[in-house]
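Written out below as structure tokens is the structure these notes cover.
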Amino acid sequence: MIMNKKLIVASRKSNLALRQVEEVFDLLTDVEYELISLQSYGDNHKDISLLNDNIPADFFTKELDFLLLDEKADVAIHSAKDLPYPLPQGLEIIALTHRVDNSDSLVCRKGLPFNKLNQLPDGTIVGTSSAKRKSELNLANPHLVLKGIRGTIEERLEQADKGDYDAVIVATCALKRLGLEDRISEILPFETHPLQGSLAVVAKKGRTDLAELFRKIDFRPSLGKVYLVGAGPGDPELMTVKGRKLLAIADIIYYDDLIDKSVFEDLENMDTVYVGKRKGVHSKEQKDINTLLVNSAFDGKTIVRLKGGDPMIFAHGGEEVEYLQSNLIEVEVIPGISTANALASVCKIPLTHRDIASSLAFVSGHALHGQQIPETDTLVLYMAGSRIREITKAMLAQGRDADTPVALVHNVSRPDQKEFFYTLKELSDEEIQFPTPIIVIVGKVVDLRFKTAKEINSRKNILVTGLDIAPYAHLGKIVHTPLIEIQPLENKDQLRTKISRLKEFQNLLFTSRNTVHYFFEEMLQTGIDCRHLREMKIFSIGKTTSQELLKHGIIADFQAENEDSAGVVEMFRKHQISGHVLVPRSDLALEIIPKGLKDIGLSVETVIAYRNTMPEAVRKVDLNSVDVIVFSSPSCVENFLKVYGKIPLDKRILVRGVTTYSYLQSIDYPVNNIDIYKVQKLGSD
């Protein structure tokens, strides 16, 4: 703790600075202090306009810093916004007071007939000491005459009242601290410095006694924390575990463009704010994003700033870190899988290779105007799609081999990823339009894929709308965007009642692996195991369902030869099954099976075991990039129509079973070539 002596406190000499010292020690009523007040360099050089861009960061603090470093003072008290960032070596902030009124005010000279900014007539002279404020005033009222002003608050008001200025812009908190609220003509709507209104207590590093003393007035523990989180290249499964954990605890998430919305699905009561930017379209400018982050932190929130790829690679992460830290906000960066790393993995193009590539450069295509392009073995270009011809010409002019292979990849790791392969010469000779966003990789490493590019590009793109992709994996490149989602029941009373009556049934039919999962899960929850099924015959609609039954130690007595509703009814008919049948199923199941079984003389009861819903966040696929669409159930068809409006006639359709095929025929939709819906197996053209 501090020795039994008065603190030596350093401050500037202005009335405002002295009042700020009093304000701090009003919060520490049991601490005695002696004051050293002096004029800073900035105070002594009022001829220097604060509108200049070259004002030193320590313009108002340097002399006080020397007192602390020379141990001639224990602490210095400043308006927090006047502190340089970073502080001079050897100094640290030991306390930050609560931010009071953060606004600026318009103060008009006495006797001026107008007192609102938008009422000031042409030629009104307004004084300001902020270049940013000057710009905003000019936009708000372009007919004003804007001039720089210097001096203490009282001196500025005096200059206005003398007629040197018609009005001046002053920090509202300064007027209030000096008891001059009555001079406020109008509170202005402009954004001010985040730390305006807060006071900072600065001491020499290592003074733990002082840090302990001022801890109780330090507002910083109440500030929120910002996490800059890399969401990865697009595939939500490539987001880090730590990143997902932070999403779950965040009070608010500010997210960029190209973030897969499924990462938000399991978050409850989450406040998400889109701040994305695409070429030519910015929902928020960077300065606005910075302000949102700081203001949320001052509100005490836990904030996630979610960025595509890695936050520190072409994502303004460094700018945001610097801005947050300069405003005393704690920030942590969580790395993400960069788009370049993902490209290398999913496209199987190594960025480096022991035999052919030992150097690598990442370059922003936006920053290559007239600049030398790095002469590395491998070059990865971000944001270069619209300038690729210009850039490739520049590479050739620098001496790169015209046959150098180039890979361009759109939507890396996403279901609709597209790959394009060229040589530098081909790209420079012809103006080719590519979808955005796109990332470009140039170098001999591309040759490891370039030779088979035609073969890869000739494979069919299969859009699978159901949950299971395994049956179709051999047919081509799978684009998986499920249009159904399996959810447990909210009310399981009816299912539990049926399970309690199992002894009344002679037959148990499972029509999907999901019915198996949820039925057996509820059996166990009600204290019933497989022994209660020993007197029953177990039926399965097909191989996948039978495999799910095996997980529970059950071998199906019968499995349908044709894996659809008609095949199930035929199975019961063929084996001349009799008795009472229980059919667990989804809430969207059709009546084909129950009706078919009743038509052949069976007694049938159904029960809903799970819900089949449409996902809340469905990412639409560019159907122009798809060759085949797979519908595994009627609900897939229904949801496809909700998302896309219609089923394109130029695509081949693969359906799973007669039921879905019949449903496609039955819907009120003009189908010119009905044969496309009859495809059961996808062969080569």
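The values are calculated or read from the model by the stated rules, or taken from the named source; none is laboratory data. Predicted model only: the values in this text are computed from it and were never measured. A quick note on method: Cβ atoms are made from the backbone with ideal geometry, for glycine too, and the neighbour counts reach across all protein chains shown.
Some values worked out for this structure:
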| quantity | calculated |
| --- | --- |
| For VAL126: the one exception among (1) over 17 Å from GLY151 (Cβ atoms); (2) touching a Leu at 6+ places or on another chain (Cβ under 6 Å) | (1) |
| Helices (runs of 4 or more DSSP H) fully within segment 305-405 counting 1 or more residues that are touching a Ser or Thr at 6+ places or on another chain (Cβ under 9 Å) and hydrophobic (A, V, I, L, M, F, W, C) | 339-346, 388-397 |
| Criterion (more than 17 Å from LEU467 (Cα to Cα) and either within 32 Å of the chain's Cα centre (by Cα) or not assigned by TED's automatic domain parsing to the domain that holds SER662 (or both)) met by exactly one of ALA589, ALA609 | ALA609 |
| Near pairs, Cβ below 6 angstrom, 6+ apart or cross-chain, from segment 53-66 (closer than 12 Å to ARG12 by Cβ) to any residue that is aliphatic (A, V, I, L, M) | GLU63/LEU38; LEU64/ALA10; LEU64/ALA76 |
| Counted residues, segment 238-254 - those being loosely packed, with under 15 Cβ neighbours inside 10 Å and among the β-branched types (Val, Ile, Thr) | 2 |
| Meets criteria (part of a loop (DSSP other than H, G, I, E, B), among the polar types (S, T, N, Q) and either out of contact with any Leu (no Cβ under 6 Å at 6 or more places or on another chain) or at pLDDT below 85 (or both)) for ASN624 | no |
| Unmet criterion (only one of (1) touching an Asp or Glu at 6+ places or on another chain (Cβ under 7 Å); (2) in a strand (DSSP E or B); (3) over 20 Å from ILE499 (Cβ atoms)) for ILE608 | (3) |
| Segment 5-23 residues that are at pLDDT 95 or above, paired with ones that are of a type in the set (Val, Ile, Thr) and assigned to a helix (DSSP H, G or I) (beta carbon under 7 Å, 6 or more apart) | VAL9/VAL21; SER11/VAL21; LEU16/ILE153 |
| Test: residue in segment 619-629 that is closer than 24 Å to GLU504 by Cα and either of a type in the set (Lys, Arg) or surrounded by 14 or more Cβ atoms within 10 Å (Cβ to Cβ) (or both) | no |
| Segment 89-117: number of residues that are out of contact with any Phe, Trp or Tyr (no Cβ under 7 Å at 6 or more places or on another chain), more than 24 Å from GLU136 (Cβ to Cβ) and in contact (Cβ under 8 Å) with a residue 24 or more places away in the chain | 5 |
| Pairs where the first residue, in segment 512-534, is under 21 Å from VAL568 (Cα atoms) and the second is part of a helix (DSSP H, G or I) and of a type in the set (Asp, Glu), C-beta under 6 Å, 6+ apart | ARG513/GLU548; VAL516/GLU548 |
| Matching residues in segment 509-536 - criterion: being more than 42 Å from the chain's Cα centre (by Cα), over 20 Å from ALA566 (Cβ atoms) and buried (at least 17 other Cβ atoms within 10 Å of the Cβ) | LEU533, MET536 |
| Hits in segment 131-145 - residues which are in contact with a strand residue (DSSP E or B) (Cβ under 7 Å, 6 or more places away or on another chain) and either of a type outside the set (A, V, I, L, M, F, W, C) or more than 11 Å from LEU120 (Cβ to Cβ) (or both) | ARG133, LYS134, ASN138 |
| Pairs with Cβ under 8 Å, 6+ apart, first in segment 417-433 and closer than 11 Å to ALA407 by Cα and of a type in the set (S, T, N, Q), second in a loop (DSSP other than H, G, I, E, B) and modelled with pLDDT of 85 or more | THR423/ALA402; THR423/ASP403; THR423/THR404 |
| Filtered residues of segment 116-134 (kept if within 13 Å of ILE169 (Cα to Cα) and part of a helix (DSSP H, G or I)) | LEU117, ALA131, LYS132, ARG133, LYS134 |
| Pair list, Cβ under 6 Å, 6 or more apart: segment 169-184 residue outside any helix (DSSP H, G or I), other residue among the basic types (Lys, Arg) and buried (at least 18 other Cβ atoms within 10 Å of the Cβ) | ILE169/ARG133 |
| Count - residues of segment 574-605 that are in contact with a strand residue (DSSP E or B) (Cβ under 7 Å, 6 or more places away or on another chain) and either among the acidic types (Asp, Glu) or assigned to a strand (DSSP E or B) (or both) | 11 |
| Selection status of GLY90, surrounded by fewer than 16 Cβ atoms within 10 Å (Cβ to Cβ), in the same structural domain as ASP58 (by TED's automatic domain parsing), farther than 19 Å from SER185 by Cβ and touching a strand residue (DSSP E or B) at 6+ places or on another chain (Cβ under 8 Å) | yes |
| Any hit, segment 333-353, residues being touching a His at 6+ places or on another chain (Cβ under 8 Å), of a type outside the set (Gly, Ala, Ser) and over 30 Å from LYS301 (Cα atoms) | no |
| Subset tally (residues that are under 23 Å from VAL409 (Cβ atoms) and not small (Gly, Ala, Ser)) for segment 212-243 | 7 |
| PRO86 vs. criteria more than 30 Å from LYS205 (Cβ to Cβ) and either in contact (Cβ under 8 Å) with a residue 40 or more places away in the chain or of a type outside the set (Val, Ile, Thr) (or both) | no |
| Selection status of GLU504, surrounded by fewer than 14 Cβ atoms within 10 Å (Cβ to Cβ) and of a type outside the set (A, V, I, L, M) | yes |
| Selected residue (only one of ARG150, ARG156 is part of a helix (DSSP H, G or I), of a type outside the set (Asp, Glu) and touching a Ser or Thr at 6+ places or on another chain (Cβ under 9 Å)) | ARG156 |
